Structures are given as C-alpha cells and as structure tokens.
Protein chains: 2
Amino acid sequence: MSAARIEVDYRFPSGVNAEKQAQILAVGQTAGSWDARFQHRDDILRSHLGEILRIEQNVDGSTQATVAFPLGNVDGGIGSLLTMIFGKYSLGGAAKVVGLRLPEDYGVRPRYGLAGIRKRLNIMDRPLFMAIFKPALGLSADDHAEILAEVALAGLDIIKDDEILPNLAGAPTLERWRACAPILEARRDRLGRDLLYAVNLSGNANELQKLARQLVTEGANALLLNVLAYGYPVLEALAADPEIDVPIFAHPALAGALSAAPDYGLSYALTLGTLMTHAGADAVLYPARYGSLPFPAAEEHAIRDALRGRGVAPVPSAGVHPGILPQILDDYGSEVILNAGTGIMDHPAGPAAGVLAFHEAWERWQTGDSFAPSAIPAGPLRSAVDKWGSAHG
Amino acid sequence: MSAARIEVDYRFPSGVNAEKQAQILAVGQTAGSWDARFQHRDDILRSHLGEILRIEQNVDGSTQATVAFPLGNVDGGIGSLLTMIFGKYSLGGAAKVVGLRLPEDYGVRPRYGLAGIRKRLNIMDRPLFMAIFKPALGLSADDHAEILAEVALAGLDIIKDDEILPNLAGAPTLERWRACAPILEARRDRLGRDLLYAVNLSGNANELQKLARQLVTEGANALLLNVLAYGYPVLEALAADPEIDVPIFAHPALAGALSAAPDYGLSYALTLGTLMTHAGADAVLYPARYGSLPFPAAEEHAIRDALRGRGVAPVPSAGVHPGILPQILDDYGSEVILNAGTGIMDHPAGPAAGVLAFHEAWERWQTGDSFAPSAIPAGPLRSAVDKWGSAHG
C-alpha cells in the first residue's frame, strides 16, 4: 500500500451493484463533483478523490470493493477518518466496512501496550491475570476496598471496575479510588510491584478528561474507557495527554451496535482492533469465543492479530474462568491478559481462591496435565472446575 | 412512566426467547447476581436491578421487551446510558433498541433549538434555508469566502461546512472562519440580521473543544459536529460549556452504522432523535425521504417527532432541491430548516439563484400553485425544476 493512502474494503450483499457503490464512495465521500466554476482548482480537487482499486466477487454472492482515499482528506484522527470512509454513506443502504489499512504513523500510538504493562508489573514470562469488581453496581467505596484487599496478595495483576459503573452519587469514582489506593500501596510495599486498577471513566468528554487527570494526580495507575459509548476522539485525547501517563484499557461496550450485523456497520476487527490501535488504547477487551458471548473464532482472531500488530494487549473476556484457560492459551500462548469477573469473584472459596485457581491452571497447562475434574487435585482449580467446568477434559 | 426510571424497548427477531433476553438485560446490565457475602447489601443491590415491564409479540413474528432501569444506575450522560442499556449486551446476538423514554430533565437541554435559532436570525414566519459549501474538499479559505459572498445577500439563513471537511493543512478551520467572518459582518450591517455559519469541528475530544472555543471567541455563530463519529459525550461537553454560546448543528454521519440494520443496533429515532435531544443538539440533520438517500417515511417522521418533542430543529437533508419543497412542507409545515448542498450550489444560474429558487418555491407553495415545470414562469425556480425535477407536478 502506498504510505500516503488509506485503503478500505467494503462488502456488499448479493444484488448490490458494487461498481456503482464504489464510485459513490470514491467521489461522494471525497471532493464530490464540481462544475465549470472550479476548473481553476481542478488539480487540487482531483487530488482529493478516492480511487477504486478493485472489485471482487465472493463465493457467497457478496461483492467486495477496495477504495483508496488520499491521506490529505483527513486530519490524522479517527473521527474524520470514520466520517470520510463511512459517514454519510452509512445512511444509504446495506454495506459493511470489512477492511482498513492505515499508514503506520496514522493517529495515536499506544504508549504502553502489552510490553509496557508487563514492564510496569515486572512480570515478563506468563499471562497476566485480571479481575473485575462484582457486583457491578451497589457497592460502596469501602466495599470496593474490601474486595480489593481480598485479591491483592493472591497474585492478581490487574483489576478493573465493571464498565457499567459510572461516577455515581452512591459511590463517586474518586472516593472509590481513594479507598482502594492504600491497599495498592501496601501491596507494592509488600510484593515490590504494582497491581494495576483500571478505574472506569465517565461524564461528558470534558468532565471525563478532568476526572482522568485527577485520578492520575492522585496516583491511579490505569484507566478504563467504554470507547464506543464515548467516542474514539475521547480515547485519543486521553492517549495524547502528557499528564495521563498510565495504561488505558478499552472496553468493547456497544461495539455490537456497530459490528454485529452481517451486512451493516464495521467489522469487529476494525472497531475493536485496528481503530483502537490507532486511537491509543494500550489493552482492548473483547469476547473470548469460549466464553459467555457467542463470538466466532475468526472475529476473535482478527481482533487479536490487529491488536498485536501494534503491540496492544489482547484481553479476551466475558465468561472466562480457570477451566477455559487451556483453550485461550492454545490460541494466544502467554502473550495475553486473561480477564475474569465472576470467574474470579464468585469462586466457591472466595475471590482470592479465584486468583489462585488461575495461577494453578497456568502451571498445569505448562506441564500438559489433564483438566478433567477427576485429574485435578483438591484445591482452588478443582473447585473452579467443579463449578464452571473445563476444556481439554 | 415513573420519573425515576428509564424505559427501553428491545426488539428481537423471531426465534429469540424474549423473556430470557429481558431477564439478562434487567439483571446482567445492572447489578448482576450476587452471593451470600453481599447479603448485608441486599436492599441496595436490589435497588439497582432492572425490571421487565412487558413482553409483546409483534405481527411480523418478532418480539418486543420493555425493561425499566433505575435512574440511579447512570450519571445523567449518554455515555453511561448507552453502556447500561446496550453496552456488553450488544455483543451477544441479534437485538435492536427501538424505544427509549427518559425523564424530561435527563442530560443536557438544547440551549437554542429552532425557536432560539429563529430568534438569532429574526425570522419567525417561514422555513429556514440552509446551504452547504461544495465541493466538500479542495477549496481554500478564500474560495469559501467567495462562495459565501455569492449567497450571503440572496436570502440564505444558514450555511455549513461539508461534514467531511476537517481541520486540514490546506484549509485550516480557523483560516476558513477568518476569511468568511468579514462577509457575515458586512451582511449583518446591510440586512440587520445574522447569517449562521455552522463551522465543522474536528480533532481529538480535547482539541475539538478548544477549537470550538477559539471559533466562538473569534465570532463564529454556529458549530457543526459529526456526533456519531465523535461521540455524544463530545456534544454534551460543547452544549454544557458556557463559553460556547452558539447553536450546535448535529450531522448524522455514521448513524447508519448504528441504525441501518433491521435486527441490530439502535433505531434512527434514537440515534438521531431522542439521544441528540438529551445531549444538547440545537438542530439535527437527517435524510429526507424524498431526497437522495432511501429513508423510510416512518423513520424520518419518528426522528422529526423526537426532535420537536424537545424543541430541536429538524433538518431534513440529502438530495434536497427546490422542486421537492412541497413534499417536505406537507410533512413539516414551516417549522423546519431546509438544507441543500448541490441543490443550491449547483443551480444552473449559480448559488445565489439556488437560494432565490427556494424562496420562490416557498412563495409558490403558499399560494398552492402547481410545481409542474410548464406552470412555473422563467426564473430561478423554473431553472431548478428543469434541472432536478419537482413534486406535485
């Protein structure tokens, strides 16, 4: 691909005239047409037009058109990019954006990514283990601190708020952070390394950025953003802010509204992969195919590969518990963050045992021992597998 | 509806167990489940749960579930609202959000709306006429000024940038504004009233807000935002900013990615209607059913009604030209902003004649005279109808 162009693949359902649509995209989403009055600007106007690179017929009857757009049509951000490649066009009929190739330096580069997160945690050689505060709503700041204290010394690497917990009167975000901060400090003093707590951001774009700065000023070491609900430009602003020097975890909430339809929107590999990596996310959560959300393997792998292409940490999530660790590691190896909510918090012997069960599963996976319940000795992993089942039984 | 709750209608395609899905929504998108450890917080946790109000069978085989969510689960913004009502759930399968009832005071109230825009323009008794700078890309700041000068005295009320024009090196937004400002000033001096120029905003969320403030400081009297590409929380931040005391026009770019699929996402009446009106938009553009984008009448009317319910100006757009004015006015009466791009800029006798043609069409519509080409005397309207056709011929 030419470094100065943006290539986009559009898929149209059977029966759509792809040539015609590609023409509408290449012209209608760029300079448009112009009349004799603008002949003196002909060269410049022409330089903004898109170019149809190819039209291909797929075996399922759909067609795919690839259009190249000049880099000079956009400002380097995801907002203007989305407006150009699919803005008004999205209102016109069935079409799905299924491929996007951006120049390497387009947008914001993740500051940390998986390597940077590992460095902050000083854990280089195993998958990272992440938990979610549960229940999602209804806990006080002190409840959060109590839960955190339960898991902090069990070997947890990262914890995050549930994505549906905003800045509420009953549990204001800053208060939650202030209640939890001493536990993280004590843990660092004891173990010599950090436990990251990705605090959920909310509010309007301006309030959200202020909240993020305040949290970081008060020592917060990671942030969580519902990127699709708040907008990629909000992520970009956080990632570009020199005061916000902590890893940003991107949550996939609302991504299905853009990506789940077969013939509309943009593919998950774009919304949760490519676009996230050019907007500055350090880690991205998305459904693991073995979990509670029925995600096709191809989609999951496409997201994973897009993230890895720019060093962003893949975080397969939703329904993750110790028993499915073998399946996830078969797909990912150890370069992954395993994120469990109830799969840690609802362990029969409590959240600390939930964390220990993941460590035990990792040890067991390395030795190649069976995950059949009867083969696992009594302990945290066995209790987890008895409750939630296992793969590779 | 109870004032303290948020009611959401979800539509599921035939074959989906709506009762089960409604249960997942009411519990999984709120407090989730909790175990014995949290019995001391039972009442509080329970207060966050959603409640299934009804399940209905539609004649087409689809089912609809209405779930009420406590207002205390969200922070008053659209970001946390979207995360709660459809966040993680959107990743789980086919479901479309087709109804949303919010308390009157939820979110940000539009500061101007149609009444406020009329007041600024001092035009109370007719539809407002709006144009778009064309071509969208490739014009210099001086070209913009030249186009503006052509239409300023012809009776145009509002002009906007094309939504795909961001802050580009070749035509920086501030330079475009500075080139155009003297023309608007001269026009005000001459006619005694403003022509609004909705300047397109771009950049990351932080840059965008700064740009908006700078523009307003330098006299800009309206702004344009691609709300779906940038995020509702970006609109909220603009609408809540006391320094940004000008009408905000919302563009529908990318709305199709969220709303066009029959069984996924959120209906257009929500993305371009309800949500816009609670996020602070003063005017919202969307496809007119008689225009160039094939929009169903029911969708267009649902958007219109949602906007009018909170005083927001409806701006039917895309393919609007003088000949379809009768059809639009049949649907809207005079409480509407008619927005034309090429339908003004590409008039055979030039943009000023394009504006005059709209005024002529308005006069003609009031008298009930035919829009058949042969019935229209020579002049701007006749030329427009000869080029683009007409309704009620």
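The values are calculated or read from the model by the stated rules, or taken from the named source; none is laboratory data. Quick caveat, the model's predicted, so the values are computed rather than measured. All Cβ positions, glycine included, derive from the backbone under ideal geometry; neighbour counts span all protein chains shown. Note: accessible area is taken over every heavy atom of the protein model, side chains too, but ligands, DNA and RNA are not part of it. Shrake-Rupley method; radii C 1.70, N 1.55, O 1.52, S 1.80 Å.
For this structure, a couple of remarks:
- Choice from A:361, A:18, A:375 showing the highest fluctuation, given a GNM over chain A with Cα pairs closer than 10 Å: A:375
- Centroid-to-centroid, using Cα positions, segment A:92-138 and segment B:70-84 are 24 Å apart.
- Residue A:358 sits among other residues whose Cβ lies under 11 Å from its own Cβ, and their net charge, with Lys and Arg +1 and Asp and Glu -1, is -1.
- Hydrodynamic radius of segment A:243-393 by the Kirkwood approach over all distinct alpha-carbon pairs: 16.1 Å.
- As a size descriptor, the averaged projected area of the C-alpha convex hull of segment A:135-293 was calculated at 10.0 nm².
- Histogram of C-alpha separations across segment A:78-208, 10 Å bin width, %: 10, 30, 26, 21, 12, 1
- Fraction of antiparallel bridges per DSSP, the protein assembly as shown only, in percent to nearest 5: 40
- Over the C-alpha atoms of chain B, the Rg to Rh ratio, Rh being the Kirkwood estimate, stands at 1.03.
- Among chain B residues, the beta-carbon with the smallest distance to the axis carrying B onto A is reported, with distance in whole Å, as B:231, 1.
- Average beta carbon contacts from partner chains per residue of A:125-138, 10 Å cutoff: 4
- For residue B:349, the distances from its label point to the matching points in the remaining copies are 8.8 nm, ordered from shortest, with each point set 7 Å beyond Cα toward Cβ.
- Label spacing, shortest first and in nm, from residue B:170 to its equivalents in the remaining copies (7 angstrom along Cα→Cβ): 5.4
- Interface of B with A. Using a 1.4 Å probe and counting protein heavy atoms only, the two chains hide about 6000 Å² of accessible surface, both sides summed.
- Spin-label zone in segment A:230-254 - amide nitrogen under 16 Å from a point set 7 Å from the Cα of residue A:213 along the C-beta vector: A:234-246
- Over segment B:164-224, the hull volume per residue, using the convex hull of the C-alpha atoms, is 75 Å³.
- DSSP assigns beta bridges within chain A; of those with both partners inside it, close to 40 percent run antiparallel.
- Within 10 Å of the Cβ of each residue in B:165-176, the mean number of Cβ atoms contributed by other protein chains is 3.
- Placing a label point 7 Å from the Cα of residue A:178 along the Cα-to-Cβ direction, none of the residues of segment A:227-252 has a backbone N under 19 Å of that point.
- Residue B:4-residue A:185 FRET efficiency (beta carbon distance; Förster radius 25 Å; 0.05 resolution): 0.05
- FRET efficiency estimate (nearest 0.05) - Cβ-Cβ, residue A:301 to residue A:59, R0 22 angstrom: 0.60
- Treating r as the C-beta distance of residue B:330 and residue B:51 and R0 as 51 Å, the FRET efficiency rounds to 0.75.
- Approximating the spin labels as points 7 Å out from Cα along Cα→Cβ, the residue A:105-to-residue A:375 distance works out to 5.2 nm.
- Under the span-like rule (Cα at least 20 Å along the axis, Kyte-Doolittle mean at least -1.0), DSSP H helices of chain A: A:173-191, A:351-367
- Helix-only CD estimate at 222 nm, as mean residue ellipticity for the protein assembly as shown, using -39500 (n - 2.57) per DSSP H run (n ≥ 4): -10000 deg cm²/dmol
- In this structure, the pairs whose alpha-carbon distance is over 32 Å, taken from A:20/B:88; A:210/B:119; A:96/A:210; A:20/B:96; A:119/A:387; A:20/B:160, are A:20/B:88; A:210/B:119; A:96/A:210; A:119/A:387.
- Residue A:112 accessible area, assembled protein chains, probe 1.4 Å, Å²: 50
- When the square roots of the Cα gyration tensor eigenvalues are ordered a ≥ b ≥ c, the ratio a/c for segment A:25-115 is 1.5 or more and a/b does not exceed b/c, which makes its shape oblate.
- Dividing the C-alpha radius of gyration of the protein assembly as shown by 2.2 N^0.38 Å, with N its residue count, gives 0.98.
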